[in-house]
Each structure stands twice: as structure tokens, then as C-alpha cells.
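The values are calculated or read from the model by the stated rules, or taken from the named source; none is laboratory data. For clarity, every value in this text was computed on a predicted model and none was experimentally measured. Note that each Cβ is placed from the backbone with ideal geometry, even for glycine, and that neighbours are counted across all protein chains shown. Just the protein is used for accessible areas: all its heavy atoms, side chains included, with ligands, DNA and RNA removed. Shrake-Rupley method; radii C 1.70, N 1.55, O 1.52, S 1.80 Å.
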Amino acid sequence: MFRGGSSASVVVAGTGAYVPEKILTNDDLSKMVETNDEWIRTRTGIRERRIAAPGETSSVMAEKAGRAALERAGVDPSDIGLLVVATISPDQPLPSTACIMQPKLGVVNAMCFDIAAACSGFVYAFDIAAQYVSNGSCGKALVIGVEKMSSIIDWQDRSTCVLFGDGAGAVVLERSSSSGGGVRSSITGADGSFAQMLRIEAGGCAEPVSPEVLERRGQFVKMEGNLVFKHAVRTMTDVAFKAIEEAGLKPSDISCVIPHQANLRIISAVGEKLGIPQERFVVNIDKYGNTTAASIPLALAEADAGGRIKSGDNVLMVAFGAGLTWGANVVRWGL
Ligand code: UT7
């Protein structure tokens, strides 16, 4: 849980995003597995998703989103003291994607690491970075959510391959002496007793990749979709209520909600339970599908660039993901 450690506030100084050029439509998918546009649209809200090119790795996409956020913030890369990359599709198991991209982006004075909290990865990373900036460990932090989900989903499994997409989003956090805006609350949580509900079974030390693993496609994402759906609605609603209360606000004070984009039906259900009208929710799942850790910063950057978020707005980011994990951040924009 975020506790502002000083009189200075932690503000979002800039946002940025990147998506690959290649679009994969629902009709394209219907030629690959037994599915159709109507099923995907009505069950999920997804119409198309982006697919990264072969050499377009997570570090490449993260670098582009990070550069856009730094430029929008007007921050020199060498002033960044912390780079956190949230991803479950890193370039390599070792070293971190943050370290791989660090010299290319020029954030040479930053401590660098990745975190793996799946679809909650960005809200976790945001929480961690806000603490570092708030307590003075660093003046400015770059937080990136990035995924090349196309490299870890099973293109023969229609229950998962229609859901995910590739992309990246980023924010720059910095200390500000103004007391009007900034991070007002941030709450994260997990329940590992549901760890196997959404998983990649092999490729870790429990079961290293082997011909047998490849044969049964154990290196790819597997999900109990129905169960995940129910937990998603409950935990996103609960953590959103807590974060709003912790911020000293009511749901009606929230001008803009950036929900994790897993399923349009999940977003609608969470909106109804919170009593926040749907038009206050930023939704881009139709264009990008579920981009896991990239989903919130990508939607946030698009909303910011499109003028959807105004100075003084209370913005709620709320996510749910494998682990199971969840989290929410409330930020008063600008000022
Ligand atoms: O990012 C965080 C983690 N992810 C999520 O939060 C995702 C949460 N879960 C979901 O969004 C939904 O559960 C899904 C979209 C994954 C599935 O929707 P559902 O309404 O729960 O469908 P279902 O799994 O109950 O499947 C209904 C039917 C099944 O056929 P039968 O058994 O009724 O004959 C499936 O085999 O739909 C079938 N089906 C498909 N049909 C066409 C499953 N996938 C597909 C498909 N195309 N791609």
C-alpha cells in the first residue's frame, strides 16, 4: 500500500505508448482456429489485436513507449533513477528486460528490474515506483508495462489465442512540491492459492523445456477462463472501492477509470458494481485485445494524448491478473 512519505507529491509527468503495426482481425483468426468474429466480439469485445514482428521484442516495444513518455514529460533520460518493467514475456529469462533496454534508452543512472505480476504488473510497478519517488530514493522513475503475448500463447488453443495482443505503455513519475495533484492511493494484493488458474506450466525450474514439454505445448499460457472471470469482477471491484476510500474519495469523484482490458463484460460488470457510469471508463480492448501488463499504461497514454483526462481529474487504474494478483491506483491528474 502506498503511503506518501513526504510533503512532496508524486505526479505523472508524462505518458507514452507503442503498438506494433501488424493487425490481426477476428476474421484472420477464424482461418487459424475454429472461431468466428461474432463469438469473439460478443464474449470479449475484441475486434482486432496487434502482433509484433519477429525482431520486435518486449525490450524494443518498451523502449519506444518509454521514449514517448520521457519526451512528453520533457525529462532527460539520464535523470531517471529507477526503471521498472512489468512483463511476463521478457526478451530472455536472464537478464531483465529493463537492463536490456536501459542503454538503448539512455536511462544510464537508473536502477533496473522487471516485475512479474501478469495483468496487474503495471499497477504493482506503479505502486513500487511511487514509493521510491515519494521517499526520496529517486527523483524520477520510468514505469513500463510491455508484452509480446504472441510469443507465449498457443496459436492452436482457441480458448486463449483470440484474447491476447502485443504492445507497450509507459509513465514517468516525479516528485512535485505542489500539493494539489499526484498519487492519492495505491493498493495491491494477491492470493496464491489460485496460482494454477492462469499459468504457463513449463519452462521454469520445476519443469525445464524438453522435447516432452514442447510435444504437449506446456510452454504456453493456459487458463480456466470462467473461474478467472468471476474472480476478476469481484477482486477488481473490491480493490477499486478500497483505493477510492483510501484516497478520501467516493466513486462519484472518479472522472476517469482505466481498467485492465481483459473482457468488455468484466469492465461493464465492475462499472455497475462501483456505480461509475460506463462513459467514464476508457476502453480500447476492441483494438488491442488483452495486452496483459501493457493494457493499463496503453489505455492511459491514449486517454492522456487524446485529451480525455483533464487537470484535476481523479483517475482510477484497476487491474486483475494471474497469481492471482490485483491492484488499484488513484491519481489526481496534473495541477
Ligand atoms: O487478463 C486477466 C486474465 N484473463 C481474463 O480475465 C479472462 C477471463 N475470462 C473470460 O474473459 C471468459 O471466460 C472467456 C472470454 C475466456 C470465455 O468466455 P465464456 O463466456 O466464459 O465462454 P466459455 O469458456 O464458457 O465457453 C463457452 C463456449 C464453449 O463451448 P461449449 O462447451 O458451450 O460447447 C467453448 O468451447 O464457447 C466455446 N469457445 C469458443 N467458441 C468459439 C471457447 N473459445 C471459443 C472461441 N471461439 N474462441
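Put a plus charge on the Cβ of each Lys and Arg, a minus charge on the Cβ of each Asp and Glu, and nothing anywhere else: the dipole of the range 23-77 about its Cα centre is then about 140 debye. For the range 257-301, averaging the sequence separation of C-alpha pairs within contact (under 8 Å, six or more residues apart) and dividing by the residue count gives a relative contact order of 53 percent.
If Rh is defined by the Kirkwood formula over all Cα pairs and Rg also comes from Cα, what ratio Rg/Rh do you get for the range 123-215? Don't skip to the end; give the middle numbers.
Values: Rg = 18.8 Å, Rh = 16.9 Å.
Checking Rg against Rh, the ratio lands at 1.11.
Here are some pairs, 148/222; 64/273; 104/310; 230/287; 64/140; 140/230; which of them have Cα atoms lying more than 27 Å apart in this structure? Pairs exceeding the cut-off: 64/273; 104/310; 140/230. DSSP assigns beta bridges within the range 212-335; of those with both partners inside it, close to 60 percent run antiparallel. Once backbone amide H atoms are built at 1.01 Å from N, residue 184 has 330, 331, 332 as its partners under 5 Å, excluding neighbours fewer than 5 places away on the same chain.
If you sort 32, 236 by accessible surface, 1.4 Å probe, largest first, the order is 32, 236.
In the chain, taking the dipole from charged Cβ atoms about the Cα centre, the farthest positive-side position among 225, 80, 177 is held by 177.
Relative contact order for the range 245-328: what is it in percent, counting Cα pairs under 8 Å that are at least 6 residues apart? Don't skip to the end; give the middle numbers.
Details: 100 pairs, mean separation 32.2, N = 84.
This gives 38 percent for the range 245-328.
The distance linking the range 273-292 with the range 199-258 is 16 Å (Cα centroid to Cα centroid, whole angstrom).
Between residue 22 and residue 193, the C-beta separation translates, for a Förster distance of 56 Å, into a calculated FRET efficiency of about 0.90. Derived scalar couplings between HN and Hα for the range 103-110 equal x, 5, 7, x, 8, 6, 9, 9 Hz in order, rounded to whole Hz, by the Karplus curve 6.51 cos²θ - 1.76 cosθ + 1.60 (θ = phi - 60°), x for Gly and Pro.
Working note: Karplus 6.51/-1.76/1.60 with θ = phi - 60° gives the range 325-331 the couplings 10, 7, x, 8, 10, 10, 10 Hz, where Gly and Pro are set to x.
Okay, helix-only estimate at 222 nm for the chain: each DSSP H run of n ≥ 4 adds -39500 (n - 2.57), divide by all residues, round to 500 deg cm²/dmol; what do you get?
Numbers: 11 runs with 109 residues, N = 335.
Only helices count here, giving -9500 deg cm²/dmol.
For residue 257, the residues whose modelled amide H falls within less than 5 Å of its own, excluding neighbours fewer than 5 places apart on the same chain, are 281, 282, 316. The magnitude of the dipole of the range 31-126, with charges of +1 and -1 set on the Cβ of Lys/Arg and Asp/Glu and taken from the Cα centre, is near 240 debye.
Counting only protein heavy atoms and using a 1.4 Å probe, the accessible area of residue 309 comes to about 10 Å². The average projected area of the chain, computed from the convex hull of its Cα atoms over all directions, is 15.7 nm². Springs join every pair of Cα atoms under 10 Å in this Gaussian network model of the chain, and among 121, 192, 289 the largest mean-square fluctuation is at 192.
In order along the range 190-197, phi translates into HN-Hα couplings of 7, 9, x, 5, 9, 4, 8, 5 Hz, rounded to whole numbers, per the Karplus curve 6.51 cos²θ - 1.76 cosθ + 1.60 with θ = phi - 60° and x for Gly and Pro.
When only the Cβ of Lys, Arg, Asp and Glu is charged (+1, +1, -1, -1), the dipole of the chain relative to its Cα centre reaches about 620 debye. When all protein chains stay in place and ligands, DNA and RNA are ignored, the 1.4 Å accessible-area order of 89, 30, largest first, is 30, 89.
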